[in-house]
1. So is ALA171 at negative phi, surrounded by fewer than 18 Cβ atoms within 10 Å (Cβ to Cβ) and outside the structural domain of THR139 (by TED's automatic domain parsing) or not?
2. Taking the range 130-147 as the region of interest, how many residues are of a type in the set (Ser, Thr, Tyr) and either free of Cβ contacts under 8 Å to residues at least 24 places away in the same chain or within 13 Å of SER213 (Cβ to Cβ) (or both)?
3. May I ask you to list the residues in the range 38-51 that are touching a residue at least 60 places away in the same chain (Cβ under 8 Å) and surrounded by fewer than 23 Cβ atoms within 10 Å (Cβ to Cβ)?
4. Among (1) over 23 Å from PHE170 (Cα atoms); (2) in contact (Cβ under 8 Å) with a residue 40 or more places away in the chain; (3) not basic (Lys, Arg), which single condition is ALA101 missing?
5. Can you report the number of residues in the range 130-139 which are surrounded by fewer than 17 Cβ atoms within 10 Å (Cβ to Cβ) and of a type in the set (Asp, Glu)?
6. Out of ARG161, ARG150, ARG127, I need the residue that is touching a residue at least 60 places away in the same chain (Cβ under 8 Å), surrounded by 21 or more Cβ atoms within 10 Å (Cβ to Cβ) and not aliphatic (A, V, I, L, M). Which one?
7. I'm trying to understand the selection: among the residues of the range 209-244, which are of a type in the set (A, V, I, L, M, F, W, C) and crowded, with 19+ Cβ neighbours inside 10 Å?
Amino acid sequence: MAGHDHDCMPFDSILDESPPIPMSLHYLHPLFNPASVAVFGASEREESVAGVIYRNLKKAGYTGKVFPINPKHENLYGEKCYRGAAELPETPDLAIIATPAPTVPDIMEACGKRGVRHAVVLTAGFREVGATGAALEETLMAVAHKYGIRFIGPNCLGIQRPSLGLNATFALDNGLPGDLALVSQSGALCTAMLDWAASNGIGFSSVISTGASADTDFGEILDYLAYDSATRGILLYIEGIGHKLMDVLMDVARAKGIRVMEGEVLKSNRNMLKLCMGLGFRIEPHPEDDAIKRVVREL
């Protein structure tokens, strides 16, 4: 395995040899393969999350169109900044929303009217903060359903698709291109994995932080990755596995290498833990470097 020269570990020699499943027009395809992105809240302020995302997209070499949106700015880093979705010259494939929680439903409404159908909501301050946040999340969901918008989040790190130069996260590290997908509820785990993987020459097809999964859930993301020809192995970190997700895991495992790293809830659910192991899924303890290395090597 390569060390610090950042050559990516080839998974062809590690995973079972099986032809990749051709990519069809999966309904989440535009979310993970956008030709254009709008970043709501983009700013030149160093502490601005949306500003970090905008800079990450530029730094990672994303070749699609990037539209910064902030009503407080006319220009951003020398490029035109738009006041809102209605002013955009075209409908972006993906909206990245990292603005204060109370503003998010209205932004989603504006996106819906503009024809946007996919979004990533990084903003925190929804059901995890109590009743007021839960009500706000319900409002957000109602707006999204009204317009048929599918979104990841809220309260997530974002997503990366390194082969596309798409780093729509506020992580400091851009993932190396590769064929391993990382899907995690924990943004902190994604950040730690990106840092560790870069120093070990391991690349990713996708890095997906699901956050609260208010709309698009683990099962749907796994279904997409099963049809993604760029993905040959999936590393999954989740706090708990229900029967619905178990069905999806069994289906995906027929096509792709998949490993589950258990969270605190899964640790306490011994029946589900045994079921996973009985199905051939390797269950690792709470992620540490040695455990991660074992999982990656065995994918």
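1. When the stated conditions are applied, ALA171 does not pass them.
2. Matching residues across the range 130-147 total 1.
3. VAL49
4. With respect to (1) over 23 Å from PHE170 (Cα atoms); (2) in contact (Cβ under 8 Å) with a residue 40 or more places away in the chain; (3) not basic (Lys, Arg), ALA101 is out only on (1).
5. Qualifying residue count, the range 130-139: 1.
6. Exactly one residue qualifies, and that residue is ARG161.
7. ALA214, PHE218, ILE221, LEU222, LEU225, ALA226, ALA230, ILE234, LEU235, LEU236, ILE238, ILE241 - these are the residues of the range 209-244 that are of a type in the set (A, V, I, L, M, F, W, C) and crowded, with 19+ Cβ neighbours inside 10 Å.
Residues are listed down the side, and each one gets a yes or a no for (1) at pLDDT below 95; (2) part of a strand (DSSP E or B):
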| site | (1), (2) |
| --- | --- |
| GLY3 | yes, no |
| HIS6 | yes, no |
| ILE21 | yes, no |
| HIS26 | yes, no |
| LEU31 | no, no |
| PRO34 | no, no |
| ALA38 | no, yes |
| ARG55 | no, no |
| PRO68 | no, yes |
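The values are calculated or read from the model by the stated rules, or taken from the named source; none is laboratory data. Since we're looking at a predicted model, the values are computed, not measured. All Cβ positions, even for glycine, are placed from backbone atoms using ideal geometry, and neighbour counts span all protein chains on display.
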